[in-house]
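A short write-up of the structure that comes next.
The values are calculated or read from the model by the stated rules, or taken from the named source; none is laboratory data. Since the model is a prediction, treat every value here as computed from it, not as a measurement. Methodologically, a virtual Cβ is constructed for each residue, glycine included, from the backbone with ideal geometry; neighbour enumeration extends over all protein chains shown.
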Amino acid sequence: MTDLQLVRGILDNDERVWRFICRNMKAGIFAKVRETNIFINPQDLEDIFQESCLILMQRVKEERFESNQKNGIFNFLVTTGNNLAKNVMRKKSKVTLEETIPEPDKKLNQDPEISAEEKQRTQNEYLDRIYSSIPADCRKILKLSIWDRKPMDDIASIMGMKNADSAITKKSKCMNKFKEIGKMLIENDEFAEEVVRNAVERAALRALLEEEKENSDEGFMMAAFNPDDDEK
């Protein structure tokens, strides 16, 4: 697959693209990261790969990824993985008696020593916690709507609801629930739908990557991706 096809698939939440990346790039990314971080352990590598994929998705969605360079996605994941690995090894080299979680907005917005990427990463961690805190049926309906992009009629059928209007009402309540919990953790008066969408997409991608890891561990492979599908 070309980078252009991969970027197009990432924008469309096409799970086949992420499976392609896992099955065709992951081993090479691991090898490259190990070259410069020889003491990194396998579990840290898995976590780093997942985080690199999440960052890639965010860059693509925000139109901040250049897809016109050869092997651009592979090289981006390697570079990002190396940076994350260095942070992991640096943290492990520092022995502290206790860890504290910074105050969400106050710490993020006022500390000049925190980079924009660190702020975003910390913000994403809070959003992940918020998403995992809402009821399971809310997580399901938001995933079906935002990640799977199902029509409301289909969502109503899947969720056992009367009609599309019922699904729309339920989704609205779930969005409000997310915002309600969110304001308990993050001081933000503008909890826009985009913020919720980002959290849902991150959770869905993380679940997919975990599934791919389990399939790989078990030696099980699903149907191979056909790049010709994107040309139709």
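Across the range 21-71, which residue is farthest from residue 214 (Cα to Cα) among those that are in a helix (DSSP H, G or I) and of a type in the set (S, T, N, Q)?
Kept after step one, since they are in a helix (DSSP H, G or I), are these residues of the range 21-71: 21-24, 26-36, 42-61.
Keeping just the survivors that are of a type in the set (S, T, N, Q) gives 24, 36, 43, 50, 52, 58.
Numbers: 24: 16, 36: 26, 43: 13, 50: 13, 52: 18, 58: 24 Å.
Per the criteria, the residue is 36.
Inspect the range 9-20 for any residue being outside any helix (DSSP H, G or I) and of a type in the set (Asp, Glu) and give the result as yes or no. Among the residues of the range 9-20, at least one is outside any helix (DSSP H, G or I) and of a type in the set (Asp, Glu), which makes the answer yes. I'd like to know if the range 180-202 contains one or more residues that are surrounded by 13 or more Cβ atoms within 10 Å (Cβ to Cβ), at pLDDT 85 or above, within 21 Å of the chain's Cα centre (by Cα) and among the small types (Gly, Ala, Ser). Yes, because at least one residue in the range 180-202 is surrounded by 13 or more Cβ atoms within 10 Å (Cβ to Cβ), at pLDDT 85 or above, within 21 Å of the chain's Cα centre (by Cα) and among the small types (Gly, Ala, Ser).
Take residue 150 and tell me if it is under 20 Å from residue 204 (Cβ atoms), without any contact (Cβ under 8 Å) to a residue 12 or more places away in the chain and in a loop (DSSP other than H, G, I, E, B). Spell out the reasoning first.
On the way: under 20 Å from residue 204 (Cβ atoms): yes; without any contact (Cβ under 8 Å) to a residue 12 or more places away in the chain: yes; in a loop (DSSP other than H, G, I, E, B): yes.
The answer is yes for residue 150.
Among the candidates 13, 68, 82, the residue that is touching a helix residue (DSSP H, G or I) at 6+ places or on another chain (Cβ under 9 Å) and at positive phi is uniquely 13.
Of all residues in the range 127-138, exactly one satisfies the criterion of being at pLDDT 95 or above and of a type in the set (D, E, K, R), namely 137.
I'd like to check something: does the range 166-186 contain any residue that is in contact (Cβ under 8 Å) with a residue 60 or more places away in the chain and either in contact with a helix residue (DSSP H, G or I) (Cβ under 8 Å, 6 or more places away or on another chain) or within 20 Å of residue 10 (Cβ to Cβ) (or both)? Quick ask: steps written out before the conclusion?
So in the range 166-186, the residues in contact (Cβ under 8 Å) with a residue 60 or more places away in the chain come out as 185-186.
Next, from what is left, pick out any that are either in contact with a helix residue (DSSP H, G or I) (Cβ under 8 Å, 6 or more places away or on another chain) or within 20 Å of residue 10 (Cβ to Cβ) (or both): 185-186.
Yes, the range 166-186 has at least one match.
For every residue, the table says whether it meets (1) acidic (Asp, Glu); (2) under 30 Å from residue 150 (Cβ atoms); (3) modelled with pLDDT under 90.
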site: 5; (1), (2), (3): no, yes, no
site: 26; (1), (2), (3): no, yes, no
site: 39; (1), (2), (3): no, no, yes
site: 42; (1), (2), (3): no, no, no
site: 51; (1), (2), (3): yes, yes, no
site: 64; (1), (2), (3): no, yes, yes
site: 67; (1), (2), (3): no, yes, yes
site: 85; (1), (2), (3): no, no, no
site: 105; (1), (2), (3): yes, no, yes
